[in-house]
1. Within the set of other residues whose C-beta is less than 13 Å from the C-beta of residue 11, count the net charge using Lys and Arg as +1 and Asp and Glu as -1.
2. What figure in square angstrom, to the nearest 10, would you give for the accessible area of residue 76 with a 1.4 Å probe?
3. If DNA, RNA and ligands are ignored and the probe is 1.4 Å, what is the ranking of 50, 85 by accessible area, most exposed first?
4. Given a 1.4 Å probe and every protein chain left where it sits, what share in percent of the accessible area of the stretch 5-105 is carbon and sulfur?
5. Tabulate in residue order the Karplus-calculated ³J(HN,Hα) for the stretch 59-75, using 6.51 cos²θ - 1.76 cosθ + 1.60 with θ = phi - 60°, rounded to whole Hz; enter x for Gly and Pro.
Amino acid sequence: FSKHVLTEDIVHREVTPDHKLLSRRLLTKTNRMPRWAERFFPANVAHSVYILEDSIVDPKNRTMTTFTWNINHARLMVVEERCEYRVNPENSNWTEVKREAWVSSSLFGVSRAIQ
């Protein structure tokens, strides 16, 4: 339901022998650069980004883990994100998430600012 997500395609899906659901999705979403970065890059830089997402749904442990990363604009910047969703131990009606992200760039001269 996010307006910035343009497409969502399932590339692979399987249930493992230990009953976990593994999925890989290809997402296309809008790519709005930070205002400071717009000065450094031409206006014709693609305004969409392709994202791969791997997810593992573990019904036994009642968890879902996602790992996402961009596959285009990778020379400029790679953004990786890992989220682990689980039932809150104090209230089973709540879901809690542990979210981690890593940003890296090898672009000469601006990699430190991007990171």
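1. Every neighbour counted, the sum reads -2.
2. In the full protein context, residue 76 sits at about 30 Å².
3. 50, 85
4. 54
5. These are the phi-based 3J(HN,Hα) values: x, 5, 8, 6, 10, 9, 10, 10, 9, 10, 7, 7, 10, 10, 6, 5, 5 Hz.
The values are calculated or read from the model by the stated rules, or taken from the named source; none is laboratory data. Source: prediction; values computed, not measured. Cβ atoms come from the backbone with ideal geometry, glycine included; neighbour counts cover every protein chain shown. Ligands, DNA and RNA are excluded from the accessible area calculation, which covers all protein heavy atoms including side chains. Shrake-Rupley method; radii C 1.70, N 1.55, O 1.52, S 1.80 Å.
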